[in-house]
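Notes follow the structure.
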Amino acid sequence: QVHLVESGGGLVQAGGSLRLSCAASGSFLSIDVLGWHRQAPGKQRELVAAITSGGSTNYADSVKGRFTISRDNAKNTVYLQMNSLKPEDTAVYYCAASYVGADYWGQGTQVTVSS
């Protein structure tokens, strides 16, 4: 079992920055993939960024060069640093973990970018 708790969302002006955090319980080092997804109103949930246990990362084209995913194994936490935010980044952001063939989700944190 993996329990995920996100924090760090909020309201920011376009061009600003936010850092999301996701604290994970359980065997953090054994989690295969950690990722951040987002869902805007009326849209499907989409993958924003992911990081493997080996440290490999991948990003959605829309956030490349602006967002950075990282993990701190000592703190059992994965981060999403978001810079140069745009109004279209407005969404609920969810942390997700793939562990022993199952997917786990956090409760989500709202990010709102004003123009």
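So is THR112 open to solvent by 40 Å² or more (accessible area, probe 1.4 Å), under 16 Å from GLY10 (Cβ atoms) and in contact (Cβ under 8 Å) with a residue 40 or more places away in the chain or not? Answer is yes for this residue.
Within the stretch 28-42, residues that are part of a loop (DSSP other than H, G, I, E, B) have Cβ atoms under 9 Å from residues that are acidic (Asp, Glu) and open to solvent by 60 Å² or more (accessible area, probe 1.4 Å) in these pairs: ALA40/GLU46; ALA40/GLU88, counting only partners at least 6 apart in sequence or on another chain. In the stretch 2-46, the residue that is modelled with the lowest pLDDT out of those that are surrounded by 17 or more Cβ atoms within 10 Å (Cβ to Cβ) and charged (D, E, K, R) is GLU6.
Does any residue of the stretch 46-55 turn out to be under 15 Å from VAL5 (Cα atoms) and not polar (S, T, N, Q)?
Restricting attention to the stretch 46-55, the residues satisfying the condition of being under 15 Å from VAL5 (Cα atoms) are none.
For the stretch 46-55, residues under 15 Å from VAL5 (Cα atoms) and not polar (S, T, N, Q): absent.
Scan the stretch 74-88 residue by residue and report those that are open to solvent by less than 10 Å² (accessible area, probe 1.4 Å) and not in a strand (DSSP E or B).
Scanning the stretch 74-88 gives a single hit, LEU85.
The values are calculated or read from the model by the stated rules, or taken from the named source; none is laboratory data. A quick note: this is a predicted structure, and the numbers were derived from the prediction, not measured. For neighbour counting, all protein chains shown are included, and Cβ atoms are generated from backbone atoms with ideal geometry for every residue, glycine included. Calculation scope for accessible area: heavy atoms of the full protein, side chains included, ligands and nucleic acids excluded. Shrake-Rupley method; radii C 1.70, N 1.55, O 1.52, S 1.80 Å.
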